[in-house]
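Undergrad: Handing you a structure now.
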Amino acid sequence: MQLYLSQTLKIHNSLSGKKEIFKPLNEGHIGMYVCGPTVYSNVHLGNCRTFMSFDMIFRYFKHLGYKVRYVRNITDAGHLVDDAEDGEDKIAKKARLEKLEPMEVVQRYTVDFHNILQKFNFLPPSIEPTATGHIIEQIEIIKDILEKGYGYEKNGSVYFDVAKFNETHEYGKLSGRKLEDMIANTRELTAQDEKKNPQDFALWKKAEPQHIMRWPSPWGDGFPGWHLECTAMSTKYLGETFDIHGGGMDLKFPHHECEIAQAEASNGHSPVRYWLHANMLTMNGKKMAKSTGNNILPGEIFTGDNDILSKAFSPSVVRFFMMQAHYTSILDLSDDALLASEKGHHKLMDALNAIDNLETGNTSDFDIANWKRECYSAMNDDFNTPILIAKMFDAVKHINLIKENQQSITKGDKKELQATLNAFVFDVLGLEGKSNSDSDSGKLSGVVELLIQLRKDARDNKDFATSDKIRDQLAALGIQLNDGKDGTTFNVI
Ligand SMILES: [Zn+2]
């Protein structure tokens with residue numbers, strides 16, 4: 001029997017604002033769509049947290065035995081700088097500033113995104129479609145929306161008619177906003193505005209002559225509005241109605257609200273059964289923002305190359321830190337919090353490494369069946385990873401007592417304990433670094449220190465070919481040397 005059949009999973013649906021029992025449309029199968037990154041700069045740590053939450057959810061569904069089709073897109077066109085209708089395309093702007101082809105910008109930051117996610121041990125989604133690869137599908141949806149009377153064309157651009165839609169549907173139902181309030185709180189349109197109402201949003205924008213990202217359409221050369229790509233790609237790969245749509249809390253309005261409106265206008269029914277939103281990451285109690293300097297890139301955490309943290313932290317420690325908060329709670333990153341997570345991570349891995357050598361006896365002092373039930377209950381309660389981790393540490397406590405011969409465990413229970421811990425720690429939470437014990441890291445340090453010394457000797461003898469070879473080959477293995485005035489240190493990236 002598949003594990004999911006014996007579990008009742010409840011998830012917080014942003015649409016109803018309640019925890020609901022999860023039932024997929026097709027038994028045993030799940031369709032999940034998550035809004036991916038706009039690839040015009042290095043991936044933001046806050047975005048990593050959002051994607052990590054959905055990676056954990058994807059992993060748990062797989063663990064339960066569901067067949068999951070997980071679609072996470074790449075936004076490589078259409079996302080405007082100020083999220084309004086008159087900004088410049090984010091990727092086109094970056095391309096202009098750096099004198100690159102837009103697709104060079106897209107390639108560079110897509111590679112960075114994948115590289116960081118791989119370090120964090122993400123599972124790849126089932127499909128990772130791009131906006132530029134689905135222009136035809138987007139044009140078809142616009143045609144459909146126009147035909148049904150929910151859009152209008154003006155000077156080569158097409159807009160969604162929110163007021164018209166709201167006559168028969170409910171615009172704002174996801175974010176809990178009312179159209180009348182939105183109208184009361186917005187400025188009047190000026191004569192130059194093409195939109196009938198400020199709430200209307202672009203489905204297609206006419207490309208000005210200097211605009212480099214452009215495609216032909218029935219309304220002239222242009223490019224799609226940002227909200228449309230997700231409707232096009234989710235419909236294409238998951239159907240007109242699918243199980244789960246996820247994203248960051250900040251996407252609830254207007255992006256997800258617009259997705260609902262587009263889908264309901266074009267195919268007549270609600271696209272998503274469960275909307276899930278991950279909360280944001282702050283740093284030292286404040287919002288992370290490049291402009292204020294309260295910002296750190298994932299790569300800077302792994303190398304320790306920053307002024308904010310006292311040392312480098314491994315991706316698995318950062319992942320463990322993020323999993324210690326519920327995905328719907330705000331999480332604050334700080335040096336102290338990462339140091340505490342590192343300690344916890346080592347303690348957990350040490351216990352996992354110790355299981356193999358535990359001696360078994362005729363009785364168990366640990367009720368494994370009950371503990372296992374509690375682990376599943378935590379995850380079945382809207383993916384409550386902090387409680388799951390607390391349960392992992394209940395097991396750690398017992399492992400350590402058994403190690404000290406103060407408690408005992410039977411052979412069967414030991415096997416069960418090990419299998420369950422491995423499943424939750426590695427398969428579901430996605431942590432890594434089982435052999436992170438002091439002895440192993442001590443050996444690694446010893447070897448690298450030896451190479452650092454040999455490199456120093458080579459440099460003293462002006463044998464720079466050898467010294468560079470040592471540095472480069474260590475770098476290729478993911479060990480970075482940092483030369484400072486007090487000598488050379490290293491970190492494992
Ligand atoms: Zn989206």
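Every read-out reported here was derived from the displayed coordinates using simple, explicitly stated rules and does not represent laboratory data. None of the values given here were measured: they were computed from a predicted structure. All Cβ positions, even for glycine, are placed from backbone atoms using ideal geometry, and neighbour counts span all protein chains on display.
Undergrad: Along the charge dipole of the chain, which of F160, V71, A475 sits closest to the positive end, that is, farthest toward it, with unit charges on the beta carbon of Lys, Arg, Asp and Glu (+1, +1, -1, -1)?
TA: Sorting the options by dipole projection puts first A475.
Undergrad: Quick one: Karplus J couplings for the range 165-178, per residue in order, coefficients 6.51, -1.76, 1.60, θ = phi - 60°, nearest Hz, x for Gly and Pro?
TA: Values, residue by residue: 4, 5, 5, 10, 10, 10, 7, x, 5, 7, 8, x, 10, 10 Hz.
Undergrad: Return the distance in nm (one decimal) between the two label points of a simple spin-label model at L477 and S329, each offset 7 Å from Cα along Cα→Cβ.
TA: Label at L477, label at S329, 4.0 nm between them.
Undergrad: Within the range 368-460, which GluC sites (Glu not before Pro) sit in a loop by DSSP and count at most 12 neighbouring Cβ atoms inside 10 Å?
TA: Here the sparse-neighbourhood loop sites are E404.
Undergrad: Then there is this: For K196 and D305, compute 0.36 nm times the residue count separating them, minus their Cα-Cα distance, and round to one decimal in nm.
TA: Between K196 and D305, full extension yields 34.2 nm more.
Undergrad: Rg to Rh for the range 282-428: what is it, with Cα atoms only and Rh by Kirkwood?
TA: 1.06
Undergrad: Here is a further query. Output ³J(HN,Hα) for the range 379-391: one whole-Hz value per residue in order, computed from phi by the Karplus curve 6.51 cos²θ - 1.76 cosθ + 1.60 with θ = phi - 60°, and x for Gly and Pro.
TA: 5, 6, 9, 6, 6, 7, 5, x, 6, 4, 5, 4, 5
Undergrad: Right, here's the next one. Considering only the chain, what is the antiparallel percent among its DSSP beta bridges, to the nearest 5?
TA: Details: 26 of 48 bridges.
Taking every DSSP beta bridge with both residues in the chain, the antiparallel ones total about 55 percent.
Undergrad: Collect residues whose amide H, placed 1.01 Å from N in the peptide plane, falls under 5 Å from the amide H of T488; neighbours closer than 5 in sequence don't count.
TA: Under 5 Å from the amide H of T488 lies no amide H from a residue far enough along the sequence or on another chain.
Undergrad: Taking 8 Å as the Cα distance limit and 6 or more residues as the minimum spacing, I'd like the relative contact order of the chain as a percentage. The partial results should precede the final answer.
TA: Values: 757 pairs, mean separation 76.7, N = 493.
It comes to 16 percent, rounded to a whole number.
Undergrad: Which value in deg cm²/dmol, rounded to the nearest 500, describes the helix-derived mean residue ellipticity at 222 nm for the chain, given -39,500 (n - 2.57) per DSSP H run of n ≥ 4 and division by the residue count?
TA: -13500 deg cm²/dmol
Undergrad: About its Cα centre, how strong a charge dipole does the range 282-428 have in debye, to the nearest 20, once Lys and Arg get +1 and Asp and Glu get -1 at the Cβ?
TA: Roughly 140 debye for the range 282-428.
Undergrad: In bins 10 Å wide, starting from 0, what share of all Cα pairs of the chain does each bin hold, as a percent?
TA: Cα pair-distance distribution for the chain, in percent: 4, 17, 24, 23, 17, 10, 5, 1, 0.
Undergrad: How much net charge surrounds G239 when only the other residues with a Cβ under 14 Å from the Cβ of G239 are counted, with Lys and Arg +1 and Asp and Glu -1?
TA: Once all neighbours under 14 Å are counted, the net charge is 0.
Undergrad: Could you tell me what a quarter of the Cα convex hull surface of the range 102-212 works out to, in nm² with one decimal place?
TA: 10.6 nm²
Undergrad: Taking Cα pairs under 8 Å and at least six residues apart, what relative contact order does the range 165-291 come out at, in percent?
TA: Relative contact order here is 20 percent.
Undergrad: Set Lys and Arg Cβ to +1 and Asp and Glu Cβ to -1, take the dipole of the range 282-428 about its Cα centre, and tell me which of A354, S377, M288 lies farthest positive.
TA: M288
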